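Each remark here refers to the structure printed beneath this line.
The values are calculated or read from the model by the stated rules, or taken from the named source; none is laboratory data. Computed from a predicted structure; not experimentally measured. All Cβ positions, even for glycine, are placed from backbone atoms using ideal geometry, and neighbour counts span all protein chains on display. In case anyone asks, the SASA skips ligands and DNA or RNA and just uses the protein heavy atoms, side chains included. Shrake-Rupley method; radii C 1.70, N 1.55, O 1.52, S 1.80 Å.
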Amino acid sequence: MQRTTIAVAGASGLIGGALVRSLTADGHRVVRLVRRMPRSADEARWDPERGQVDPAVLAGCDAVVNLAGAGVGNRRWTDSYKARIRAGRVEGTAALARAVAALDRPPRVFVNGSAIGFYGDTGDRVVDEDSPPGRGFLAELCVEWEGAAAPAREAGVRTVFARTGLVVAREGGAWGRLFPLYRAGLGGPLGGGRQYWSFIALHDEVAALRHLLDHEELSGPVNLTAPEPLTNREINAAMSRVLRRPAVFAVPAPVLRAVLGELASEVLGSQRVVPKRLLESGFRFAFPSIEETIRAAL
């Protein structure tokens, strides 16, 4: 990949921050889109929830990466928080797509964040990018989220949807909450533990995003998950082995529902997602197995 200028929305998040560090380390210029007043020359202001961004801040960019949005698992899903989740993703994506389309010289690629929540609860069924959307809040959100990028796609900009799975990292994201529990010996299966979790190492997530930027043949949805999803029970056992801690404190489904409310349906749901298009394009995972992935996060 040649040295380029890349705008990144969501640069303060787990994935966005890691992506920015990787790009700048290789000499790329990064324009970080921020909600507050800019504090440096490499920052530009935007308002994703109101759908506002000045196209001028994207002028001269070779690529735009949108990873912005309130954390899905950060808190209980009240109606107001669900509205915030939706606004940041859908309105923010629409604003960036319109800005990209308005440029006389638009970027060559628009990589927009999405999630494997698109597929809903798939049970034991293996799904890839050709599979239809599921049901529920996240599935419906992902459909609308991806649809909001239409202006960029219609303007002829290569548009990619990075449908990301559970990112394994020591700090941040869902796994950032799991590690302290397991270190304290309080880990265990969630619900029955038979639900599939499709995970990816943070290192591979960043590498995959850069792969999407660099590979002109890729457009549309691309699953960013490790090649072999595992059940929650299998992942629990791997966490126990790697951290050398007991993991026997199973959390029954009714308890999860009482604590998490509607969000519990996503924790207990099963998503057996495989990265078909990523592998077909030649991407190679540095950490394909769950034990390698966990160790990479420590």
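Scanning region 197-228 for residues that are open to solvent by 20 Å² or more (accessible area, probe 1.4 Å), of a type outside the set (D, E, K, R) and closer than 24 Å to Arg125 by Cα yields a count of 3. Cβ-Cβ distances below 7 Å connect the following pairs, each with a first residue in region 256-276 that is without any contact (Cβ under 8 Å) to a residue 24 or more places away in the chain, a second residue that is of a type in the set (Gly, Ala, Ser), and a separation of six or more residues or different chains: Arg257/Ala264.
From the set of residues in region 6-30 that are free of Cβ contacts under 8 Å to residues at least 40 places away in the same chain and β-branched (Val, Ile, Thr), which is nearest to Ala297 (Cα to Cα)? The extreme case among them is Val20.
For region 27-47, what are the residues that are open to solvent by less than 60 Å² (accessible area, probe 1.4 Å) and part of a strand (DSSP E or B)? Hits for region 27-47 are Val30, Val31, Leu33, Val34, Glu43, Ala44, Asp47. Just so you know, in region 133-156 the residues that are part of a loop (DSSP other than H, G, I, E, B) and not charged (D, E, K, R) include one that is surrounded by the most Cβ atoms within 10 Å (Cβ to Cβ), and it is Ala149.
In the set (1) over 17 Å from the mean Cα position of the chain (by Cα); (2) in contact (Cβ under 8 Å) with a residue 24 or more places away in the chain; (3) surrounded by 15 or more Cβ atoms within 10 Å (Cβ to Cβ), the condition left unmet by Ala237 is number (2).
Among the conditions (1) modelled with pLDDT under 90; (2) at positive phi; (3) open to solvent by 60 Å² or more (accessible area, probe 1.4 Å), the only one that Gly173 does not satisfy is (3).
So, in region 102-132, how many residues would count as being small (Gly, Ala, Ser) and surrounded by fewer than 19 Cβ atoms within 10 Å (Cβ to Cβ)? Quick ask: steps written out before the conclusion?
Here is the first cut: in region 102-132, the ones small (Gly, Ala, Ser) are 102, 113-115, 117, 120, 123, 131.
Going one step further and asking which of them are surrounded by fewer than 19 Cβ atoms within 10 Å (Cβ to Cβ), we end up with 102, 123, 131.
Total meeting the criteria: 3.
Is there a residue in region 250-264 that is more than 23 Å from Ala18 (Cα to Cα), part of a loop (DSSP other than H, G, I, E, B) and among the aliphatic types (A, V, I, L, M)? I'd like the intermediate steps shown before the answer.
Quick first cut of region 250-264, residues more than 23 Å from Ala18 (Cα to Cα) only: 250-264.
After this cut, where a residue has to be part of a loop (DSSP other than H, G, I, E, B) as well, the list is 250, 252.
Pick out the ones that are also among the aliphatic types (A, V, I, L, M) and you get 250.
Checking region 250-264: at least one residue is more than 23 Å from Ala18 (Cα to Cα), part of a loop (DSSP other than H, G, I, E, B) and among the aliphatic types (A, V, I, L, M).
Among the residues of region 242-263, are any open to solvent by 50 Å² or more (accessible area, probe 1.4 Å) and under 17 Å from Ser198 (Cα atoms)? Please lay out each step first, then the result.
To start, the set of residues in region 242-263 that are open to solvent by 50 Å² or more (accessible area, probe 1.4 Å) comprises 244-246, 248-250, 252, 254-255, 257-259, 262.
Applying the additional criterion that residues be under 17 Å from Ser198 (Cα atoms) yields none.
The answer is no, given that none of the residues of region 242-263 is open to solvent by 50 Å² or more (accessible area, probe 1.4 Å) and under 17 Å from Ser198 (Cα atoms).
Taking first residues from region 86-99 that are of a type outside the set (Lys, Arg) and partners that are part of a helix (DSSP H, G or I) and open to solvent by less than 10 Å² (accessible area, probe 1.4 Å), the Cβ contacts under 6 Å between residues at least 6 apart in sequence or on separate chains come to Gly88/Pro48; Gly92/Pro48; Ala97/Ala152; Ala99/Leu58.
Against the numbered list (1) in a loop (DSSP other than H, G, I, E, B); (2) under 30 Å from Tyr196 (Cβ atoms); (3) at pLDDT 95 or above; (4) hydrophobic (A, V, I, L, M, F, W, C), Cys61 comes up short only at (2). Just to verify a result, which residue in region 64-101, among those that are among the hydroxyl-bearing types (Ser, Thr, Tyr) and either part of a loop (DSSP other than H, G, I, E, B) or open to solvent by less than 20 Å² (accessible area, probe 1.4 Å) (or both), is nearest to Ala18 (Cα to Cα)? Per the stated criteria, the residue is Thr93.
The requirement of being in contact (Cβ under 8 Å) with a residue 60 or more places away in the chain, among the aromatic types (Phe, Trp, Tyr) and open to solvent by less than 30 Å² (accessible area, probe 1.4 Å) is fulfilled somewhere in region 179-192, by at least one residue.
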